[in-house]
1. How many percent of DSSP beta bridges within segment A:36-160 run antiparallel, rounded to 5?
2. Going highest first, how would you order B:51-58, C:49-56 by mean Cβ packing within 10 Å?
3. By how many nm would the segment from A:GLU292 to A:GLU411 lengthen if fully extended, with 0.36 nm per residue of separation less the alpha-carbon distance?
4. All other residues with a Cβ under 10 Å from the Cβ of A:GLY153 taken together, and with Lys, Arg as +1 and Asp, Glu as -1, what is their net charge?
5. Take the Cα radius of gyration of segment A:385-729 and divide it by 2.2 N^0.38 Å, with N its residue count; two decimals is plenty.
6. Pull up the cross-link candidates among the aspartates and glutamates for A:LYS410, meaning alpha carbon to alpha carbon under 15 Å and not fewer than 8 places away within one chain.
7. Run the simple label-point estimate for A:LYS323 and B:LYS32 please: 7 Å along Cα→C-beta, distance reported in nm.
8. Between A:GLU3 and A:LEU552, what is 0.36 nm times their sequence separation minus the Cα-Cα distance? Round to one decimal in nm.
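Read the figures in this text as sums done on the coordinates, not as results from a lab. As the structure is a computational prediction, the values presented were derived from the model and not from experiment. Positions of Cβ are generated from backbone atoms using ideal geometry, with glycine treated the same way; all protein chains shown enter the neighbour counts.
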Amino acid sequence: MTESYKQVGLSEDEYNLILKQLGREPNELELNLYGVMWSEHCGYKNSKLLLKMLPVKGERVLQGPGENAGALDIGDGDAVTMKVESHNHPSALSPYQGAATGVGGIVRDILAVGAYPVANLNSLYFGKLEKAHQRYLLAEVVKGIADYGNCLGIPTVAGEVHFDDAYEGNCLVNAMCVGLTRSEDLKTAFAKGPGNSVMVVGNLTGRDGMGGASFASQELTKESEENRSAVQVGDPFVEKLLIDACMEIFQNENVIGVQDMGAAGIISSTSETASKAETGIEIDIDLVPKRESGMLPYEVMISESQERMLLIVKEGKENEVNKIFHKWDLHAVKIGNVTDDGMIRVLNNGIKVGEVPAKSLTNPPLYKKDIIKPEYLNYIELLDYKDLPEPDNYNKVILIMLDNHNIASKEWIYRQYDHMVQLNTVVTPGSDAAVLRIKGKNKAIALTLDGNGRYVYLNPEKGSEIVIAEACRNLVASGAKPIGVTDCLNFGSPEKPDIYYQLYYSIKGLANACNKFNTPVVSGNVSLYNDTEYGSIYPTPTVGVLGLIEDLNHITDIKFKNADDCIYLIGNFSNEIGGSEYLFEIHKFVKGKLPELNLDIELYTQNAILEIIRNGLVKSCHDVSDGGIAVNLAESAVTGNFGIDVSINSNIRKDIVLFGEHQSMFVISAEKKNENKIVGILKKFQTKMSYLGSVTDEKIFKISVNGNEIINLDLAQISENYKNSISKMF
Amino acid sequence: MFKANIYVTLKKSIFDPQGKAAENSLVTLGFKNIRNTRIGKFIEIELDENDKNIAFEITKEMCEKLLVNFNIETYRFELEEI
Amino acid sequence: MKFGVIIFPASNCAEDCYYVLSSLLNQNTKYLWHKSSEAIDTDVVILSGGFSFGDYLRCGAIARFSPVMERVIEFAGKGGLVIGICNGFQILTESGLLPGTLMKNTCLKFICSPQYLKVENNYSVFSKKYNSGDVINCPIAHNEGNYFADENTINKLEKNNQILFRYCDENGNVNDSTNPNGSVNNIAGIINIEGNVLGLMPHPERSSEKILLCDDGIKLFKSIIESYN
């Protein structure tokens, strides 16, 4: 026994703690249960103390972290639930199934809080598409997300895709789901009421994803490539039935608690629901419906077979529950009871095979590691602009920028996702944020999922502030007030002090910005150990932000709408271009100082933009982000199918003006007659705008800087580069 | 007991873009001397039936009723004693 | 007018059709459960889009054996109006109510996109609110929408004006470059020879409101309602 704790991923100290808590040696089953439950994936032992920095409360928060998903009040008794989760390691090994089951898992989290899933989003990071294996990964991941999400009838409405060598050996696949329900119908994951029944519903239990939870907490190696049984196989058809059956079940009060069976399957769902309710659970694994014969007790307990949920059902109501599942050709099987002794007791055909306190499983030791500033941060911000020759042909530069896969249209990807089903998607993928109307109400929600690993790498704190600011800017440009956040923290191994530094300062930055924008973090997930033999990934927090639009007339998108509308710039130029796509694509540098962000100015500007949108003064609105103003203008021109004639004045370098990723900056188009009203509103928010030019019928894209025309291209050419860059790789 | 190994393939006259895509990829990988790559389905079914003739008839009926779409597909099968 | 929308397991567009008919058009609408073998008591039956039975084996192949389909076939035989949208179209071809087969898109990918269609004629009960030659926007969302039938069948469809919608561009051009999925003759929607069964891959319910893309699609439902009144 002495060495076997290592095989389940526990340290000697942890093992000693278990001995102390149990007052005896655990048997093999019990040790395995601790192994999965005390892994980073289930127990958050390395990150939990840091996560306490994040604001989690607010007037709209109905349910914060700790439940299957967070929930926010959007008025009229309506609640929006949301959560983002990583499926990085499974996707690296089996991209199709990994991505598909990632969607399945997050959808069940939303279902488990009693909400109907109304939108999926995803955030994907790969190595560069010039490499065949990365193209394979992208194609398979996208197909996995599409096949699973499309079958469920949940629209995949927004997301982001990045390509950078830093993710070559360890792609990131973060899936987010958003649900809608009434506040009073929210479900929680409490195993209340001793004597009540514990039922497992959905698919049969097999050996899928054996040890997936502890597996996700180890670094990827050649050996783990062999370990493919750790990958689960998804069945979206059964998941869809599970959704429909659960929605029907939730209409009455027979179900007291619900928990998704995700990582670590039965053991995590039973111990978490019991632990929260201060109860215990006794189950008999013999009663668990299995797909394979000869499964060992611990295999049944930690199996990650997909499309299963744990229900806590009122005593005596089991048949009623089963009847509804039966209607949907599913089964609901009683596997045990809630008890009052705080223990998770596992029986096998009536004989006790293990017994541990529920709370001991769900309260792993929490670690605060040493924080050491990474060596690279001492010089990475140094950038001498003399090393950057100014381009002599800006036509060429903008075409290269639009052809860059990080900037180019992601249509090849989102065309494969059904983004229209459920009839709510007012603003479809390809704009700043997706907008979904709430049927029967004069309101809508806006959604975005965003990250910027390169920025966070260059400056973990500032970069993370920018990630939140940029996501909120996307919502504001769509006419929405940001109201809450869900985050997925993708980092390298926390055992490395410099990575732990990135994690610490990144969370600090997220907290700074969330506090400023009054956007509490209501749910999230941590994915550590994203390391390969090439090193760690860029520290990559991805943030899903929810915005509320209180009048359907306020819904705004990025497309230019009419010729002769005026184009205005709101915000100030920054002289810094560190981490920009321009610096990376044209000069091949990943260094320099990030563009300045002042959170106060950001908030004023966002409020100003919202106010002018709410006054109906704006035709289109688009925030400046990757690729700067030049790309911003091109996106609005191409998607609206109009030319532009724009002139920018500034005393900083032309390339920095055009391609710098200036913070707190928006481009709007509006009718000339509204100019004075807009200026008046901006003044109230201490914000100014400058006139850039106009939208034109002529399909020409023209930009002058300080009176010199430096870009003059046919819209068709701009469009060709922007729209076909990714599709032509396949 | 018998196991039916059923092969469902597209009729010769039906264009098979999947086969074409696989073939193009194989050619790119250096397999130059190949042609007519066609992708079909392989279905295995265990039949609780000891009479081979009956097993044959049942399999044929399953193909005709559900497993094959005769507008575009054709099939053949083998029975293997298990 | 009474509409019935069939729910097969994973008919995930059934609610969308229900919403358009009952909330936008104020029609008496109910769901029909796939396991039901009661006679159809509505005026119109809609087989919605979705992934009935997970689209496993072949799209629509399993759904056609649901008990309700015997009733639908009986209903159609008596002249009842039946519309199959997307997966519903696939079920109709699998069950023999419409000729042909919907094969995998030639691009081998799922396509979800706005899509222009040319209305070939307005003689049909399903298209009388349109003008012949109208170009409408009606989104597609499918993996298997590549309509195929043998030459003989296609000739008959053409000759009998059974082709109601074809894929085109915004100017109504029907050719290979405006064909999203490889369908023979850009076929997007057909009716049976009697004219009471329509199958189409595009989703008219997805362009039934101005706030979502446009409301070109709602005229299809309005055509039916008008012909009834």
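1. The answer is about 55 percent antiparallel.
2. C:49-56, B:51-58
3. 38.7 nm
4. Computed value for this residue: -3.
5. For segment A:385-729, the normalised Cα radius of gyration is 0.96.
6. A:GLU160, A:ASP418, A:ASP432, A:ASP450, A:ASP626, A:GLU635, A:GLU720
7. Placing both labels 7 Å along Cα→Cβ, they lie 7.1 nm apart.
8. 191.4 nm
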